[in-house]
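The values are calculated or read from the model by the stated rules, or taken from the named source; none is laboratory data. Everything numeric here is computed off the predicted structure, so don't read it as measured data. Backbone-built Cβ (ideal geometry, glycine too); neighbour counts: all protein chains shown.
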Amino acid sequence: MSAPAARKTWLERLNHIDRRLIFVIVFVVVSIPMLLKLTSPVKVSHEVQIAYDFIQSIPAGGVVMFSVDYDPTSAPELQPMILAILHHCFSRNLRVILTGQLAVGMPLGIEALESTAAQFGKKYGVDYVNIGYRPGNQAVIVAMGRRLRDMFATDYRGTPLDQLPMMKNIRNYDQIAGVVDLAHGGTPELWIQFGQARYGVKLIVCTTAVGAPDYYNYLQAKQIVGLLGGMRGAAEYETLVKAPGLGLLAMPAQSWVHLAIIGLILLGNLTFFLNRRAKNAENA
Amino acid sequence: MKQRIPIAISFITGIIIIVAFYFPNGPLGDIEQRTLVWFAVVAGISMVVGVESLLRVNLMKVARRRPGWGFSLILLASCILTLVTATIGQIKYGSPFHVDSPFMYVFSYMVVPLQATMFAVLAFFIASAAYRAFRARNLAATLLLLSAVLVMLGRVPIGETIWKGFPQISDWIMNVPQIGAKRGIMIGAYLGAAATSIRIILGIERSYIS
């Protein structure tokens with residue numbers, strides 16, 4: 001076999017690398033840092049810092065509404081966020097209302113709320129309330145701005161809201177300091193269009209790394225008061241509240257998998273150009 | 001008549017919602033609020049219709065032993081399991097969503113791992129696709145590739161360890177060219193959405209009832 005032919009075969013092989021090898025590389029670079037429980041410090045970005053500052057500015061006893069609009073597919077990214085923000089709220093003695101625009105997301109919100117409330121010794125009905133889910137998305141967001149009870153007459157267990165001490169004086173968004181929307185889809189846009197634009201709701205958007213770029217323009221226009229994107233956003237918030245969790249734990253794995261993918265992209269391009277050059281040389 | 005009634009409903013509710021936006025107090029605001037509650041009720045009923053349709057299709061598939069009927073059987077069994085555990089939770093704890101309810105157990109230990117695993121598999125395919133498809137074939141593809149690499153490095157702690165400039169470049173890409181492009185697309189899309197909405201309210205656009 002001649003040298004160029006052997007070279008071509010080698011390049012061809014590299015160009016059509018078995019994808020199972022790539023799967024193994026991804027598996028190794030993700031699992032090893034996770035198993036070794038490595039951590040790496042993160043620098044807090046402006047969008048996360050202002051979200052933290054907003055929660056920090058709410059006086060004790062203030063009410064924060066959490067809208068859980070994600071399902072288990074995005075839980076690895078969004079669950080650390082809700083845990084970190086709830087930790088912040090309860091540590092500052094803020095009161096919490098839990099709701100959601102996605103039925104399948106509610107159990108995730110409930111788990112986070114109940115576990116964090118237990119950690120801080122908070123009492124249901126006094127420090128936090130779960131008003132549950134209603135279908136209708138934007139209709140629910142708009143209607144709550146006028147009269148919350150028109151949509152949610154009771155909490156998730158069927159207890160009338162007026163029987164819960166915390167809810168007695170809460171009629172609409174006027175008594176709610178801010179809304180934290182945790183979403184993997186387009187629900188934050190509904191909150192911005194119908195909650196912020198119409199009722200002036202102060203909104204923190206927590207979304208996946210893929211979804212975060214959609215909300216930078218709203219952040220720049222000051223239509224939202226903070227933005228947490230992906231595991232990095234969760235890790236930054238955990239850093240701020242000094243409560244390390246899954247976000248910080250995942251940072252080394254994310255670092256190494258990003259490097260691995262960049263390496264694969266560079267290798268793919270190198271083989272592409274070498275192949276093209278070899279073909280051009282053959283044609284010449 | 002079959003077309004006129006839906007068009008009339010769209011027109012009346014559309015006009016009420018638009019006018020009530022500008023005059024929220026008074027009777028129009030109350031009518032709008034009532035309409036929103038109706039919307040939520042109809043949305044709830046549509047979910048029931050969806051469940052009924054899903055069950056009917058899969059029941060037929062199992063009954064007629066069509067290809068893949070085993071999967072339909074698993075779906076039906078899962079539906080029954082969810083219904084039973086939710087009912088037990090409602091009776092025993094006052095809500096299926098109580099943390100100790102068996103429904104929450106099914107959700108936490110079956111639904112969450114299954115859905116999370118399905119989504120996690122995407123990471124492997126993205127890595128494989130990036131290797132094969134992310135090629136600097138022309139100027140536009142090269143710019144996209146460079147931006148992607150810079151953002152990927154700027155968004156993880158190791159990027160900053162390699163060079164302190166990566167996060168700054170990443171932030172600039174996210175805050176300047178990304179926002180500019182996105183804003184242009186969104187303004188165009190929402191203008192289109194507004195025009196379509198007006199056409200629906202006025203009964204010009206009727207494809208939704210055909």
Q: Would you mind stating whether A:PHE66 is outside any helix (DSSP H, G or I), under 21 Å from A:GLN196 (Cα atoms) and assigned by TED's automatic domain parsing to the domain that holds A:VAL140?
A: yes
Q: With respect to A:ALA112, determine if the residue is at pLDDT 95 or above and more than 27 Å from A:GLY186 (Cα to Cα).
A: no
Q: Tell me which of these A:ALA212 doesn't satisfy, since it passes every other one: (1) buried (at least 20 other Cβ atoms within 10 Å of the Cβ); (2) closer than 30 Å to A:HIS16 by Cβ; (3) assigned by TED's automatic domain parsing to the domain that holds A:MET81.
A: (2)
(Q) If I filter the stretch A:149-171 for residues that are among the acidic types (Asp, Glu), assigned to a loop (DSSP other than H, G, I, E, B), in contact with a helix residue (DSSP H, G or I) (Cβ under 9 Å, 6 or more places away or on another chain) and touching a residue at least 24 places away in the same chain (Cβ under 8 Å), do I get at least one hit? (A) yes
Q: Please verify whether the stretch A:40-56 includes one or more residues that are of a type in the set (Gly, Ala, Ser), more than 14 Å from chain B (Cβ to nearest Cβ) and not in a helix (DSSP H, G or I).
A: no
(Q) With surrounded by 13 or more Cβ atoms within 10 Å (Cβ to Cβ), over 23 Å from the mean Cα position of the chain (by Cα), part of a loop (DSSP other than H, G, I, E, B) and not β-branched (Val, Ile, Thr) as the only criterion, which of B:ALA136, B:ALA141, B:ALA127 stands out? (A) B:ALA136
Q) For the stretch B:49-59, does any single residue satisfy the condition of being charged (D, E, K, R), part of a helix (DSSP H, G or I), farther than 20 Å from A:PHE152 by Cβ and out of contact with any His (no Cβ under 9 Å at 6 or more places or on another chain)? A) yes
Q. Do we have any residue at all in the stretch A:90-105 that's in a helix (DSSP H, G or I) and in contact with a helix residue (DSSP H, G or I) (Cβ under 6 Å, 6 or more places away or on another chain)?
A. yes
Q: Kindly provide the set of residues from the stretch A:185-207 that are assigned to a loop (DSSP other than H, G, I, E, B) and surrounded by fewer than 22 Cβ atoms within 10 Å (Cβ to Cβ), ordered by number.
A: A:GLY185, A:GLY186, A:GLY200, A:LYS202
Q) Which of (1) free of Cβ contacts under 8 Å to residues at least 40 places away in the same chain; (2) within 18 Å of A:SER45 (Cα to Cα) does A:GLY263 not meet, given it meets every other one? A) (2)
